[in-house]
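Engineer: This structure is in C-alpha coordinates; I'll ask about it shortly.
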Amino acid sequence: MKAQAQWGILTAVLLLAGLCLYQQPVRLSGAEADYGPQVGLLAPEFSLAGQDQKTYNLEQYRGKPVIINFWASWCAPCKEEAPALAKLHDRYGSDVQILAVNLTLMDSPEKAQAFSTHYGFKFPVLLDTEGDASAAYRIQPIPSTFFVDKNGKVTGTVLGVLDEQGWEEQTRLLLSANQALQ
(Lines give C-alpha, C1' and ligand atoms only; values in the text may rest on other atoms or scores of the structure.)
Protein backbone atom coordinates (compact mmCIF):
# COMPACT_ATOMS: atom_id res chain seq x y z
CA MET A 1 0.00 0.00 0.00
CA LYS A 2 2.87 2.36 0.85
CA ALA A 3 4.43 1.75 -2.57
CA GLN A 4 1.11 2.61 -4.27
CA ALA A 5 0.90 5.91 -2.37
CA GLN A 6 4.49 6.76 -3.29
CA TRP A 7 3.79 6.02 -6.97
CA GLY A 8 0.66 8.17 -6.79
CA ILE A 9 2.60 11.09 -5.34
CA LEU A 10 5.41 10.63 -7.87
CA THR A 11 2.89 10.57 -10.71
CA ALA A 12 1.25 13.78 -9.47
CA VAL A 13 4.62 15.54 -9.13
CA LEU A 14 5.72 14.44 -12.61
CA LEU A 15 2.41 15.57 -14.09
CA LEU A 16 2.70 19.01 -12.49
CA ALA A 17 6.35 19.25 -13.51
CA GLY A 18 5.38 18.47 -17.07
CA LEU A 19 2.63 21.09 -16.99
CA CYS A 20 4.99 23.78 -15.75
CA LEU A 21 7.85 23.11 -18.16
CA TYR A 22 8.16 25.54 -21.02
CA GLN A 23 4.89 27.28 -20.23
CA GLN A 24 4.44 30.47 -22.16
CA PRO A 25 2.44 33.13 -20.34
CA VAL A 26 -1.23 33.00 -21.20
CA ARG A 27 -3.42 35.91 -20.20
CA LEU A 28 -7.02 34.94 -19.64
CA SER A 29 -10.14 36.98 -19.22
CA GLY A 30 -13.88 36.50 -19.07
CA ALA A 31 -15.23 33.27 -20.55
CA GLU A 32 -11.73 31.98 -21.37
CA ALA A 33 -10.94 31.72 -17.66
CA ASP A 34 -13.50 29.03 -16.84
CA TYR A 35 -10.75 26.87 -15.37
CA GLY A 36 -10.63 28.92 -12.16
CA PRO A 37 -11.45 32.31 -10.65
CA GLN A 38 -13.34 34.50 -13.10
CA VAL A 39 -12.18 37.97 -14.06
CA GLY A 40 -14.64 40.46 -12.58
CA LEU A 41 -15.74 38.16 -9.76
CA LEU A 42 -14.47 37.87 -6.20
CA ALA A 43 -11.27 35.89 -5.78
CA PRO A 44 -11.68 32.74 -3.68
CA GLU A 45 -10.87 33.33 -0.03
CA PHE A 46 -8.13 31.32 1.66
CA SER A 47 -6.39 31.16 4.99
CA LEU A 48 -2.82 29.84 5.00
CA ALA A 49 0.12 29.80 7.36
CA GLY A 50 3.13 31.76 6.23
CA GLN A 51 6.77 30.84 6.63
CA ASP A 52 6.80 33.38 9.46
CA GLN A 53 4.16 31.29 11.33
CA LYS A 54 1.51 34.01 10.89
CA THR A 55 -1.86 33.22 9.32
CA TYR A 56 -2.75 35.07 6.14
CA ASN A 57 -6.07 35.40 4.36
CA LEU A 58 -7.05 37.35 1.29
CA GLU A 59 -9.74 39.36 3.07
CA GLN A 60 -7.18 41.08 5.31
CA TYR A 61 -5.86 42.88 2.22
CA ARG A 62 -9.17 44.46 1.17
CA GLY A 63 -8.45 48.06 0.27
CA LYS A 64 -5.15 47.18 -1.42
CA PRO A 65 -4.47 45.44 -4.73
CA VAL A 66 -3.01 41.93 -4.39
CA ILE A 67 -0.91 39.71 -6.62
CA ILE A 68 -1.23 35.99 -5.80
CA ASN A 69 1.52 33.84 -7.32
CA PHE A 70 1.32 30.02 -7.07
CA TRP A 71 4.68 28.24 -7.38
CA ALA A 72 6.87 25.32 -6.25
CA SER A 73 10.60 25.15 -5.56
CA TRP A 74 11.17 22.37 -8.10
CA CYS A 75 9.45 24.26 -10.95
CA ALA A 76 12.00 25.59 -13.48
CA PRO A 77 9.67 28.35 -14.81
CA CYS A 78 9.02 29.45 -11.21
CA LYS A 79 12.77 29.83 -10.72
CA GLU A 80 12.94 31.79 -13.96
CA GLU A 81 10.39 34.39 -12.86
CA ALA A 82 11.36 34.62 -9.17
CA PRO A 83 14.00 37.38 -9.56
CA ALA A 84 11.53 39.58 -11.47
CA LEU A 85 8.89 39.03 -8.77
CA ALA A 86 11.36 40.06 -6.07
CA LYS A 87 12.24 43.21 -8.06
CA LEU A 88 8.54 43.96 -8.49
CA HIS A 89 8.12 43.95 -4.72
CA ASP A 90 11.09 46.28 -4.31
CA ARG A 91 9.45 48.70 -6.74
CA TYR A 92 5.74 48.46 -5.81
CA GLY A 93 5.78 46.92 -2.31
CA SER A 94 3.94 49.82 -0.71
CA ASP A 95 1.27 49.94 -3.46
CA VAL A 96 0.62 46.23 -4.13
CA GLN A 97 0.59 43.24 -1.78
CA ILE A 98 2.33 40.17 -3.19
CA LEU A 99 1.42 36.77 -1.76
CA ALA A 100 3.61 33.87 -2.90
CA VAL A 101 1.67 30.63 -2.40
CA ASN A 102 3.91 27.57 -2.34
CA LEU A 103 2.28 24.30 -3.41
CA THR A 104 3.64 22.68 -0.25
CA LEU A 105 1.47 19.60 -0.67
CA MET A 106 3.83 18.71 -3.55
CA ASP A 107 6.89 20.50 -2.18
CA SER A 108 8.22 20.95 1.34
CA PRO A 109 8.42 23.84 3.81
CA GLU A 110 12.21 23.48 3.88
CA LYS A 111 12.57 23.72 0.10
CA ALA A 112 10.10 26.62 -0.02
CA GLN A 113 12.16 28.43 2.63
CA ALA A 114 15.41 27.82 0.72
CA PHE A 115 13.80 29.05 -2.51
CA SER A 116 12.36 32.22 -0.99
CA THR A 117 15.63 33.00 0.79
CA HIS A 118 17.69 32.38 -2.36
CA TYR A 119 15.54 34.75 -4.42
CA GLY A 120 15.21 37.36 -1.67
CA PHE A 121 11.43 37.28 -1.21
CA LYS A 122 10.49 40.07 1.22
CA PHE A 123 6.75 39.45 0.96
CA PRO A 124 4.65 36.75 2.63
CA VAL A 125 5.38 33.22 1.47
CA LEU A 126 2.32 31.09 2.23
CA LEU A 127 2.37 27.32 2.60
CA ASP A 128 -0.52 25.46 0.93
CA THR A 129 0.17 22.25 2.87
CA GLU A 130 -3.27 20.72 2.31
CA GLY A 131 -3.76 21.97 -1.27
CA ASP A 132 -6.91 23.92 -0.36
CA ALA A 133 -5.87 27.23 -1.98
CA SER A 134 -4.56 25.57 -5.13
CA ALA A 135 -7.83 23.61 -5.39
CA ALA A 136 -9.93 26.77 -4.91
CA TYR A 137 -7.95 28.49 -7.66
CA ARG A 138 -7.89 25.32 -9.79
CA ILE A 139 -4.15 25.57 -10.28
CA GLN A 140 -2.97 23.51 -13.21
CA PRO A 141 0.24 24.87 -14.70
CA ILE A 142 2.65 26.68 -12.45
CA PRO A 143 3.51 29.38 -12.07
CA SER A 144 -0.02 30.79 -12.10
CA THR A 145 -0.70 34.36 -11.05
CA PHE A 146 -3.90 36.19 -10.14
CA PHE A 147 -4.28 39.96 -9.98
CA VAL A 148 -6.92 41.09 -7.48
CA ASP A 149 -8.20 44.64 -7.04
CA LYS A 150 -8.73 46.42 -3.73
CA ASN A 151 -12.33 45.15 -3.59
CA GLY A 152 -11.24 41.52 -3.89
CA LYS A 153 -12.21 41.03 -7.54
CA VAL A 154 -9.96 39.27 -10.04
CA THR A 155 -8.77 41.72 -12.70
CA GLY A 156 -6.41 39.39 -14.55
CA THR A 157 -4.83 35.96 -14.67
CA VAL A 158 -1.54 34.80 -16.14
CA LEU A 159 -0.60 31.15 -16.56
CA GLY A 160 3.12 30.63 -17.04
CA VAL A 161 6.24 32.72 -16.62
CA LEU A 162 6.23 36.49 -16.54
CA ASP A 163 9.46 38.33 -17.23
CA GLU A 164 10.28 41.71 -15.72
CA GLN A 165 8.42 43.57 -18.46
CA GLY A 166 5.37 41.31 -18.10
CA TRP A 167 5.24 41.85 -14.33
CA GLU A 168 5.51 45.60 -14.87
CA GLU A 169 2.74 45.60 -17.48
CA GLN A 170 0.35 43.48 -15.40
CA THR A 171 1.02 45.51 -12.25
CA ARG A 172 0.33 48.78 -14.05
CA LEU A 173 -2.96 47.34 -15.33
CA LEU A 174 -3.87 46.31 -11.77
CA LEU A 175 -3.00 49.74 -10.38
CA SER A 176 -4.97 51.45 -13.18
CA ALA A 177 -8.00 49.30 -12.39
CA ASN A 178 -7.73 50.31 -8.74
CA GLN A 179 -7.49 54.00 -9.57
CA ALA A 180 -10.66 53.68 -11.64
CA LEU A 181 -12.42 52.33 -8.51
CA GLN A 182 -11.71 55.48 -6.50
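Engineer: Could you pull out the residue among 73, 108 that is open to solvent by 10 Å² or more (accessible area, probe 1.4 Å) and under 13 Å from the mean Cα position of the chain (by Cα)?
Structural biologist: On the way: 108 fails: under 13 Å from the mean Cα position of the chain (by Cα).
From the options 73, 108, the qualifying one is 73.
Engineer: Condition first: touching a residue at least 12 places away in the same chain (Cβ under 8 Å), assigned to a loop (DSSP other than H, G, I, E, B) and within 16 Å of residue 50 (Cβ to Cβ). Can you find one or more residues in segment 129-146 that meet it? Working first, answer last.
Structural biologist: Going residue by residue through segment 129-146, those that are touching a residue at least 12 places away in the same chain (Cβ under 8 Å) are 129-134, 136-146.
Subset that is assigned to a loop (DSSP other than H, G, I, E, B): 129-131, 137-143.
Narrowing further to those that are within 16 Å of residue 50 (Cβ to Cβ): 129-130.
The answer is yes; a qualifying residue exists.
Engineer: Please give the number of the condition residue 91 fails out of (1) in a helix (DSSP H, G or I); (2) open to solvent by less than 80 Å² (accessible area, probe 1.4 Å).
Structural biologist: With respect to (1) in a helix (DSSP H, G or I); (2) open to solvent by less than 80 Å² (accessible area, probe 1.4 Å), residue 91 is out only on (2).
Engineer: Can you find a residue that is hydrophobic (A, V, I, L, M, F, W, C), assigned to a loop (DSSP other than H, G, I, E, B), more than 22 Å from residue 162 (Cα to Cα) and modelled with pLDDT of 95 or more anywhere in segment 66-82?
Structural biologist: The initial filter retains those residues of segment 66-82 that are hydrophobic (A, V, I, L, M, F, W, C), namely 66-68, 70-72, 74-76, 78, 82.
Checking the rest, the ones that are also assigned to a loop (DSSP other than H, G, I, E, B) come to 72, 74-75.
Restricting the remaining residues to those that are more than 22 Å from residue 162 (Cα to Cα) gives none.
For segment 66-82, residues hydrophobic (A, V, I, L, M, F, W, C), assigned to a loop (DSSP other than H, G, I, E, B), more than 22 Å from residue 162 (Cα to Cα) and modelled with pLDDT of 95 or more: absent.
Engineer: Go through (1) assigned to a loop (DSSP other than H, G, I, E, B); (2) in contact with a helix residue (DSSP H, G or I) (Cβ under 8 Å, 6 or more places away or on another chain); (3) open to solvent by 10 Å² or more (accessible area, probe 1.4 Å) one by one and return the number of the condition residue 162 breaks.
Structural biologist: (3)
The values are calculated or read from the model by the stated rules, or taken from the named source; none is laboratory data. Everything numeric here is computed off the predicted structure, so don't read it as measured data. Glycine gets a Cβ as well: all are built from the backbone with ideal geometry, and neighbour counts include every protein chain shown. In case anyone asks, the SASA skips ligands and DNA or RNA and just uses the protein heavy atoms, side chains included. Shrake-Rupley method; radii C 1.70, N 1.55, O 1.52, S 1.80 Å.
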